[in-house]
1. Expressed as a whole number of Å, what is the distance separating the alpha-carbon centroids of the stretch 343-369 and the stretch 448-500?
2. How many nm separate the modelled label positions at residue 123 and residue 167, each set 7 Å beyond the Cα in the direction of the Cβ?
3. Give me the distance in nm between label points sitting 7 Å out from Cα along the Cα-to-Cβ direction at residue 149 and residue 364, one decimal.
4. Give the relative contact order (percent, whole number) for the chain; include only Cα pairs under 8 Å separated by 6+ residues.
5. Can you sort 393, 25, 138 from fewest to most other Cβ atoms within 10 Å of each residue's own Cβ?
6. Taking 0.36 nm per intervening residue step and subtracting the Cα-Cα distance, what contour gain separates residue 390 from residue 497 on full extension?
7. Using r as the Cβ-Cβ distance of residue 25 and residue 201, and R0 as 41 Å, what FRET efficiency do you calculate, to the nearest 0.05?
8. So what's the angle, to the nearest 10 degrees on a 0 to 90 scale, between helix 256-269 and the longest Cα principal axis of the chain?
Amino acid sequence: MDVVIVGAGFAGMYMLHSCRQAGLSAVVFERGGGVGGTWYWNRYPGARCDVPSLEYSYQFSEELQQEWEWTEKYATQPEILRYAEHVADRFDLKRDIHFDALVISISYDDDRNHWTTTLADGTTTTSRFVVSAVGCLSSANRPRFPGDDTFTGKIVHTGEWPHEGVDFAGRRVAVIGTGSSGIQAIPIIAEQCKHLTVFQRTASYTIPAHNAPLDPQYVRGIKADYATFRAKNALTRAALGGDTPTGTRSASEVSDEELDRILNERWAKGGLLFLGGFNDSMVNKVSNDRIATWVRKKISSIVRNPNTARLLQPETVIGCKRLVVDSGYYDTFNRPNVDLVDVSEHPIERFTPDGIVVNGKEHEVDVVVLATGFDAMTGSLLKLGVTGRNGTSLRDAWGAGPVNYLGLTVNGFPNFFMITGPGSPSVLTNVLVSIQHHVEWITSTILHLDAHGHSAIEATETAQESWVQHVNGVASMTLFPMCNSWYLGANVPGKPRVFMPLPGFPDYVSRVAKATAEHYEGFALTN
Ligand code: NAP
């Protein structure tokens, strides 16, 4: 094979298509039973994308983007999975995808300059190149609690949701975790179950989605010139929402009335662009504090029980953990069948056969939903068991945190590429746009190597050292590192604390273009 691709989510699917278009032989190994990646696994009730569907979609085929009809502003998980299936069928991708194929090791052979990928069933495949398309949020974080093996009810994780679904009717349910997954699932579970207890360690900031069916006239308008719509989005920091310009003023300078007006407007519009009302929300602590205070007041105006309202008000910088986009989350706590249990000071002590004990009190439940997130950005990559030159494992090379150049290649791992790897904007963008950028760069780089008689490419040590410094430098100019987020690896005990994604898509794209144009500056190309 020319290329082995790991993962058949949106990144792996497009990588396969792109390889074929370029005349490269390629095969995909996917641990799941179908395409769709995160949308294959995350089938929990309420799962929905927080990027508008007209943007969270491929743009490599004009026919595809014209013919596919999204039904809602924010697409549900089933609709996105149908889209992934449609793309796989339309471009005949499945004939080169092996499903239920768990990769357990990927090893580089120094003498032959090729990679051997081994599956759990012992099958091996050799290839000139390997592309990791494993996704940034695909390795479930499943904390263990004392006694959890004695619990007689059901325990499910949002990121590994049972395909047959979970019947909540008449049941007492616990949700542990109040990030995006928990916040999307909680309102729906509350409607379906007898009683819901939410165990919250850290409150999140969540902005209403104001989801609605898509207006056909609006869709026609976008489709009439989809290219311009896409181009405008790619020029924004998060490659998203080009039609909603960022405010030009500092939140620290406007009057209380003006602040209120702008934030009310953004709240009414809803979604991830809430913080874009001002030009310094994520770089100026004073501005950020004013916005956060406004949101806290908003929460207390929605939630009727003052103690619950107080607990739901986050104390952290707004936006330093990813903003959540919800449908009816705060209002759910006004329901008589929903309780909030604060586990910040008194963590979950233990599970019993019948429930969960916190601060000496047992909460009896029948089903526990772990909405406890992911070992983000590096978790799935490191599980691949990648071993590069001289038998060095990626796990060892990244013992102190991920080190690479442009988030694409690693020194000592020739011809091994990452799509949306750490060190690239990835999770701070509309990831479909980042995926397209990486896939197209990887394919054109392979073609360049072949055309110029090079057999291998990898990052130089110097380039990757300065790249890591660059990523840290950019992050430290923002407020992102100011809380314990998964961007920093802080949610997984023992994980090195390094800010992993790079803020700012357009600047990143120009840096990649410049390095490429300057004869692949920062990469070592060997004959
Ligand atoms: P998350 O943001 O990491 O949230 C996990 C939650 O579990 C946090 O509230 C965390 O508390 C809690 N938790 C973890 N371990 C715990 C423990 N031992 N005891 C009590 N609480 C514990 O994970 P997520 O909600 O799955 O979201 C991850 C990311 O996936 C999102 O930020 C987003 O990028 C993506 N996502 C997107 C969508 C969408 O498009 N709408 C939906 C779902 C997910 P602490 O905060 O205290 O650690």
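Taken together, the values in this text are just the output of simple stated rules run on the coordinates, not laboratory data. All values reported here derive from a predicted model rather than from experimental measurement. Here the Cβ positions follow ideal geometry from the backbone for every residue, glycine too, while neighbour counts run over all protein chains shown.
1. 38 Å
2. Distance between the two pseudo-spin positions: 3.7 nm.
3. 2.6 nm
4. Result for the chain is 19 percent.
5. Values: 393 15, 25 12, 138 24.
So the residues, fewest neighbours to most, are 25, 393, 138.
6. Values: separation 107, 0.36 × 107 = 38.52 nm, distance 2.72 nm.
Extra length available between residue 390 and residue 497 comes to 35.8 nm.
7. It comes out at approximately 0.30.
8. 70 degrees
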